[in-house]
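Written out below as structure tokens is the structure these notes cover.
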Amino acid sequence: MIRLHLSCLHAAVLSATLAIQCVAFAGAQSTQMAETPPMGWNSWNHFAGRVTDADVRAAADAMVASGMRDAGYVYVNVDDTWQGQRDSKGYIHPNSRFPDMKALADYVHSKSLKFGIYSSPGPKTCAGFEGSYGHEEQDAQTYADWGVDFLKYDLCGLREIMHLYDPRQDPVRASTIMRDAYAKMHGALVKTGRPIVYSICQYGVDNVWEWGAQVGGNLWRTTDDISDSFRSMALIGFSQTGLEHYAKPGHWNDPDMLEIGNGGMNADEYRTQMSLWAMLPAPLLAGNDLSTMDDATKSILMNREVIAIDQDRLGIQGSRVGPLQLWVKPLSGGAKAVALFNFVTDDVPQPILLRLKDVGFQGPVHARDLWAHKDLGLLHDSYSVTPPKGGVVMLRLWE
């Protein structure tokens, strides 16, 4: 007998479709996907609607040559604008920029990497290309036949259908349409028999973190799109406080992709994004041109000590402590990660005092600086440090 999770029973009150998909979801849990936050690359932040088959192959090549694959980055994901037209039977085909999607997936797989793709639960995608509305099972099977390992499913096109029911007048109906649509595609993915990580992209609408797991989501976007600026990154990243309860192995809060290497921030600010995403712990999906990375970008994206914080098997989301930008994250074996962020705009950075008791330690602790790659020895009672403007000091503490 399959036992439904209590959240699925709650979902069944709203929708029969959700109840059916929850059964499928429960049955699929014997092989849990995304036990740690997914790591890889997505085409949108740098290439947007210009992405081609050649760009994706070049990204796969660069992930191997740079050492990113060996550092844990495995997904190579094509975002919007790959779609062509549907044939007379309703099956989707890629456009001329992607002449053979299965061959592309095979190429990515030949590099010991995984292949991801993009669609929408609406008739059209954000960029106006073919969505999956009414073709969920066809598309899921097509993706499986191509060898897809990751699906990003973006709300955009469904909004037109949701707006037929004014959320202000009938919020339950509008919410149910959205949840049913995401559950329907999850059921279709499960039916293929191929393990496909399911990324729900709907910008935090309707508190998705409260129900994303019910509809099969392995990760769900909690915010609007990020842009390559410190203001955007900080507003999005630091706003994740309060969502700790919803992150766990197999199911992750997703504050959008990494902008590291795209040029809009300096190295200290990019280290802040990498550190904050690791503390959350968020999916680490690079969004830059991997074929042109400089050494500074590589050193940030491939800091294995910071990656280890993100990928820690406990899967506990870090939380903010006190009035300053001080975050703590429990780790396996009783250790803790601590990040001290300089979030002030003053030209002269100010010191931040870390009191060990504030992060759960009573006695002396061993400390390691994860960006300096340096052991700090034993800390007693407190530690004072001055992160650079817009930057961070990240520590691993253990007794």
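The values are calculated or read from the model by the stated rules, or taken from the named source; none is laboratory data. Keep in mind that this is a model prediction, so the values were computed, not measured. For neighbour counting, all protein chains shown are included, and Cβ atoms are generated from backbone atoms with ideal geometry for every residue, glycine included.
Going through region 51-73 one residue at a time, which ones are buried (at least 22 other Cβ atoms within 10 Å of the Cβ) and in a loop (DSSP other than H, G, I, E, B)?
Scanning region 51-73 gives a single hit, 73.
Under 6 Å by Cβ, and 6 or more places apart or on different chains, what pairs join a residue from region 96-118 that is part of a helix (DSSP H, G or I) with one that is at pLDDT 95 or above and not hydrophobic (A, V, I, L, M, F, W, C)?
Correct list of pairs: 101/94; 104/53; 105/147; 107/57.
Can you list residue pairs whose Cβ atoms sit under 7 Å apart, with the first residue in region 72-83 being over 27 Å from residue 312 (Cα atoms) and the second being part of a loop (DSSP other than H, G, I, E, B) and of a type in the set (Phe, Trp, Tyr)? Count only pairs 6 or more apart in sequence or on different chains.
Note: pairs meeting the criteria are 80/129; 81/129; 82/98; 83/129.
One line per residue, one yes/no per condition, for (1) basic (Lys, Arg); (2) not in a loop (DSSP other than H, G, I, E, B):
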{"position": "297", "(1), (2)": "no, yes"}
{"position": "300", "(1), (2)": "no, yes"}
{"position": "305", "(1), (2)": "no, yes"}
{"position": "309", "(1), (2)": "no, yes"}
{"position": "313", "(1), (2)": "yes, no"}
{"position": "317", "(1), (2)": "no, no"}
{"position": "322", "(1), (2)": "no, no"}
{"position": "329", "(1), (2)": "yes, yes"}
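Could we say that residue 328 is out of contact with any Phe, Trp or Tyr (no Cβ under 8 Å at 6 or more places or on another chain), at pLDDT below 95 and not charged (D, E, K, R) here?
Spelling it out, it is not the case that residue 328 is out of contact with any Phe, Trp or Tyr (no Cβ under 8 Å at 6 or more places or on another chain), at pLDDT below 95 and not charged (D, E, K, R).
Can you name every residue in region 326-356 that is among the β-branched types (Val, Ile, Thr) and in contact with a helix residue (DSSP H, G or I) (Cβ under 7 Å, 6 or more places away or on another chain)?
Selection gives 328, 338.
Please state which one of 340, 353, 331, 326 is aliphatic (A, V, I, L, M) and exposed (fewer than 14 other Cβ atoms within 10 Å of the Cβ).
Unique residue meeting the criteria: 353.
Starting from residues that are in contact with a strand residue (DSSP E or B) (Cβ under 7 Å, 6 or more places away or on another chain) and not in a strand (DSSP E or B), keep the ones in region 77-95 and report whichever is farthest from residue 63 (Cα to Cα).
My answer is 87.
Somewhere in region 140-151, is a residue modelled with pLDDT under 95, surrounded by fewer than 18 Cβ atoms within 10 Å (Cβ to Cβ) and either under 22 Å from the mean Cα position of the chain (by Cα) or in a helix (DSSP H, G or I) (or both)?
No, region 140-151 contains no residue that is modelled with pLDDT under 95, surrounded by fewer than 18 Cβ atoms within 10 Å (Cβ to Cβ) and either under 22 Å from the mean Cα position of the chain (by Cα) or in a helix (DSSP H, G or I) (or both).
Can you find, within region 169-209, the residue that is surrounded by the most Cβ atoms within 10 Å (Cβ to Cβ) among those that are in contact (Cβ under 8 Å) with a residue 40 or more places away in the chain and among the β-branched types (Val, Ile, Thr)?
200
Test residue 357 against the criterion of being assigned to a helix (DSSP H, G or I) and over 24 Å from residue 255 (Cβ atoms), and give yes or no.
Working: assigned to a helix (DSSP H, G or I): yes; over 24 Å from residue 255 (Cβ atoms): yes.
For residue 357, the condition - assigned to a helix (DSSP H, G or I) and over 24 Å from residue 255 (Cβ atoms) - is met.
What number of residues within region 286-295 are over 16 Å from residue 233 (Cβ atoms) and either in a helix (DSSP H, G or I) or out of contact with any Ser or Thr (no Cβ under 8 Å at 6 or more places or on another chain) (or both)?
6
Name the residues in region 253-285 that are of a type outside the set (A, V, I, L, M) and in a helix (DSSP H, G or I), would you?
268, 269, 270, 271, 272, 273, 275, 277
List, please: which pairs have Cβ atoms under 7 Å, are six or more places apart or on different chains, and start with a residue in region 216-229 that is farther than 12 Å from residue 196 by Cα and end with one that is part of a loop (DSSP other than H, G, I, E, B) and among the acidic types (Asp, Glu)?
From residues that are farther than 12 Å from residue 196 by Cα, the pairs are 221/256; 223/256; 225/256; 226/256; 226/259; 228/259.
Considering each residue of region 331-354, count those that are part of a loop (DSSP other than H, G, I, E, B) and charged (D, E, K, R), and give that number. Spell out how you get there, then give the answer.
Of region 331-354, the ones part of a loop (DSSP other than H, G, I, E, B) are 331, 335, 342-351.
Within this subset, residues satisfying the condition of being charged (D, E, K, R) are 346-347.
Total meeting the criteria: 2.
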